[in-house]
1. At a Förster distance of 60 Å, what's the computed FRET efficiency of C:R490 paired with B:R302, Cβ-Cβ distance as r, to 0.05?
2. Just flag the GluC sites (Glu not before Pro) in region C:301-397 sitting in loop per DSSP whose Cβ has no more than 14 other Cβ atoms within 10 Å.
3. Whole Å is fine, so just give me how far the alpha carbon centre of region B:99-147 lies from that of region B:166-197.
4. Based on the Kirkwood radius over alpha-carbon pairs, what is the Stokes-Einstein translational diffusion coefficient of region B:387-495 at 25 °C with 0.890 mPa s viscosity, in µm²/s?
5. Using a 10 Å cut-off around each Cβ, can you sort C:S22, B:S124, C:S162 from fewest to most neighbouring Cβ atoms?
6. Under the rule of -39500 (n - 2.57) per DSSP H run of 4 or more residues, summed and divided by the residues of chain C, what mean residue ellipticity at 222 nm is obtained, to the nearest 500 deg cm²/dmol?
7. First obtain the Kirkwood hydrodynamic radius of the protein assembly as shown from its Cα pairs, then insert it into the Stokes-Einstein equation at 25 °C and 0.890 mPa s, and state the resulting D in µm² per second as a whole number.
8. So for each of A:26-36, B:482-492, C:112-122 I average, over its residues, the number of other beta carbons within 10 Å; can you give me the resulting order with the highest mean first?
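Read the figures in this text as sums done on the coordinates, not as results from a lab. A quick note: this is a predicted structure, and the numbers were derived from the prediction, not measured. Positions of Cβ are generated from backbone atoms using ideal geometry, with glycine treated the same way; all protein chains shown enter the neighbour counts.
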Amino acid sequence: MAVDEETIRRIARLARLELGEAEVARLADEASKILEWVEVLGRVETAGIEPVSAVIPKPHRWRADEVTDGGLGEALLANAPARAHGFFAVPKVIE
Amino acid sequence: MSTGAIIEGRTGPWEMVLGLEVHAQVISKSKLFSGAATAFGAEPNAQVSFVDAAFPGMLPVLNGECVRQAVRTGLALGCTINRWSRFDRKNYFYADLPAGYQISQYQHPVVGEGALEIALEDGSTRTVGIERIHLEQDAGKSIHDLNPELSYVDLNRAGVALMEIVSKPDMRSPEEAGAYVATLRAILRAIGACDGNMQEGSLRADVNVSVRRPGAPFGTRCEIKNVNSIRFIQQAVAFEARRQVAILETGGTIHQETRLFDPDRGETRSLRSKEDAHDYRYFPDPDLLPLELSEAFIEECRASLPELPAARRMRYEAELGLSPYLARLLTADMEQSVWFEALLAETAARQGRPAREVAEKAANWMTGELFGALNRLGLGIGQSPVSPAQAAALLAMVADGTLSGPLARQVFELMLETGEDPAAIAEARGLKQVSDTGALEAAIAEVLAAHAAKVAEYRAGKDKLFGFFVGQVMKATGGRANPALVNTLLRQALG
Amino acid sequence: MTALTELSLCAMREGLGRGDFSARELVAAHLAAIEAARELNAFITETPDLALAAADAADAALARGEAGPLAGIPLGIKDLFCTEGVRTTAASRILADFRPPYESGVTARLKAAGAAFVGKLNLDEFAMGSSNETSAFGPVVSPWRARGSNAPLVPGGSSGGSAAAVAARLVAGATGTDTGGSIRQPAAFTGICGIKPTYGRCSRYGIVAFASSLDQAGPMARTVADCALLLEAMAGHDPRDATSLEEPVPAWSQLLSGDIRGRRIGVPREYRLEGMSADLDALWQAGAAWLRDAGAEIVDISLPHTMEALPTYYILAPAEASSNLARYDGVRFGLRVMPECGSLADMYCATRAAGFGAEVKRRIMLGTYVLSAGYYDAYYLKAQKVRALIMRDFETAFGTCDLILTPSAPTAAFALGGKVSDPIAMYLNDVFTVPASLAGLPAMSVPAGLDPQGLPLGLQVIGRPLDELGVLDAARAIERAAGFAAAPARWWGAA
């Protein structure tokens, strides 16, 4: 399946990746080749086959409803590129 | 079947079609997938774990209590419970969505179809279908007004468990939408699944609105996001339906879009979607296993449900003999209902009579006197200055003749002001009904002596004057005389 | 002192126990080796001070007789495991300065067992690669060279730093992670052992996620017994990872016997690829013969969907990765690139463009594409169905055999830069390892011989879910029979 550059730009936008023109062209080419390569799956008969939902089935063990975390203070914010007054800071979002 | 409000347009009648997605915060101590606390009003980022902040290598672990609450809610709404459900990732980028995806249940929700009966002002009822209920994470909060160049991100809410309760497009008027949310809220509070606090955002709704000619196929809908009060929901719906009618009547078409309700202006406006359309790329969350529920777990959830408002309403009608009107009024709100249950129990005990015999008087007093007073004072039932026990004491004093109706009203006013017990108030202020025959006979004698001419006229046949004498006796006793006794004694005295 | 680094991990443990040398001596010897081997670029971060401190603690514990099973053993940690306070980069610019405030589940267990971490090992960026050439910190150079050549070779990937460090005797053992072959293929390329246990055996908590349904940690070391000992320390249930198995961890180091009498070894005919080199084919047959001689029965089996495994993997792994890597957005940790007057979205795009390398971007793009509207069913859902068929193939095969023997990789190590321009040629490296990853099965690569150029070749043993012991025993039998004693000639560090 050929992927055109417009599609690459749309996907890059969804993935929040800024791409240069050369990258767009290269990715269009590579993605086309890779998607052509995976086409082989289309020929596999999968009627009536349930998709995998757990690799190794096991009961879904739940957590008890207890407060065991939070209150991290500095540890939470120490790696932040920008912070202020206990918040993470980002460029102004206009709503 | 439609009880909906018809919009009379220039070109004829239109009908609105409404569906609601209610987001209800699940009552739980910790978040849906982390052990951080959920309490409202903490310092910024104080209730955040590394899981909530989506640090590298952090993984979600499901809080069983949230599953339990979703299943209980489903059972309370008569929904099917899906024995197998799954968590999916909804992928999009936003500053207050740390992982870049929200864990939700897209394809396989934990709760399936059900229905909710709502009662309308005119006493009629309607059934609103429930499409599904699923569990999902709340997002954090961006704060835009603290800095001119920056937005601040607080992740305290990030990861808090929400239930999204999706109705079918079964509502046809603002009133129905309001009644639906009110009823749903009452149930959520009754079963303790959500505190229903709309101001704090524990309950909010996305409202889908479309209009059509009555009986025609559904029109294109617009979604009004995040409306956080019943009144706003009704205003938003009314405005949006009129807006759509106006567009259609001038030959325009409705574009499916997301809109916001502006409570200050009472109107909805388009939330301009930026150049990119949403493409959420849902897929099953590989960090979580499918959710499989056992019959035993579901039965445990069922057994843990309290009496639900609908059942309680029917019980009030059948067992207490209350009118449908009173029964509905007293069960619409859980807190009010609990208050009434307490009042009823105290009243029956105090008067030594079965609940059925005292229910109507108690119900009338509560819906009339108490609701009226609270309304006037702008208080909720939870803030009532008068407790159920005090109210029962007041009703008992009326029942045993200690207080007349008017006196009871005076005592009640003083109870509201002071919070004191009715007996103490009546005693201190001398507001007890005078049923002492001797005292009344003396008062009557005085009245008759002072109005000898009128007594003569009465005796000559002017019967109408009897009311005059009653009035004078009441006046002489400061309104405290037992009216029945005054009548009897007066007739005796006037021969 | 050099001799200490030549010991197997088990031998080091015995020597420490006997007091032949101290943990400090042992660790210091390895630190010296590391310093002399910087041109291999195996480490992203060296932690000599922490290693010596751990060694001293181990010596004290040994003296008290309270030493853990790995007391004083110098280990390298793939830089995908979060280590508290120690920079963890995932070999990406986007995490170049990230210091996790938490410890991964696996490394916490290793620490508790007394291990001395000498540093964080290089890898393909976010473990995406098969040659360790996608690292933002430069490629790892294999300690191996083809006979009569000085051309640098790749160590394989993504655990290339781990493989190189173990093979070059810089560490006694190392942690790796394996998503589609990232432990087994580099182990094969560098003549060492590496086991990927059953999915869920080792906690994923604190491991930077690549593809959650496939990622699994495992040990890499020079002998099968060393791997058994390390795996025993790494494995075990972790309630912080919902997919972590609640199974007891067998005492593999004690149970390991190499006895495979009566076991049925399946040789899958679909793995005999067109154009497979005669050497590899011969080695594979030799491996089967060794196992037969050790008392096993060799059976021909079929895994019909083998050829579909790689395309399946290259849909599922990028899909999961595209979502897992959404959290690297420059808000809470990691790199932020802020274009002048840019919006939040501009910041995201610029940060991710600058922070991710070409292979990571390629996989994010591919994963985003296959999940996007209109393509989900054709790609992702289809792939999950084919994955089910691949799992069924194994189940069926395990009806007629107990273990499966295959080559680990289709070729020996190739030249640095040899395949970087052709993604699909690079992806084909994992053709033999990916099926077991998709099925979550335990699988191990064990060195079995050298090709005509003197480069190591490995054989892979795949077992039933939870049968790590069977896998280890068969690998031990091969190890014994192959008598693989080759080590890379030391060309580095020559002053």
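1. 0.25
2. Qualifying residues, ordered by number: C:E340.
3. 10 Å
4. The estimated diffusion coefficient comes to 164 µm²/s.
5. With the sparsest Cβ surroundings first, the list reads B:S124, C:S22, C:S162.
6. -11500 deg cm²/dmol
7. Taking Rh from Cα pairs, D becomes 73 µm²/s.
8. Sorting A:26-36, B:482-492, C:112-122 by mean packing, highest first, produces C:112-122, A:26-36, B:482-492.
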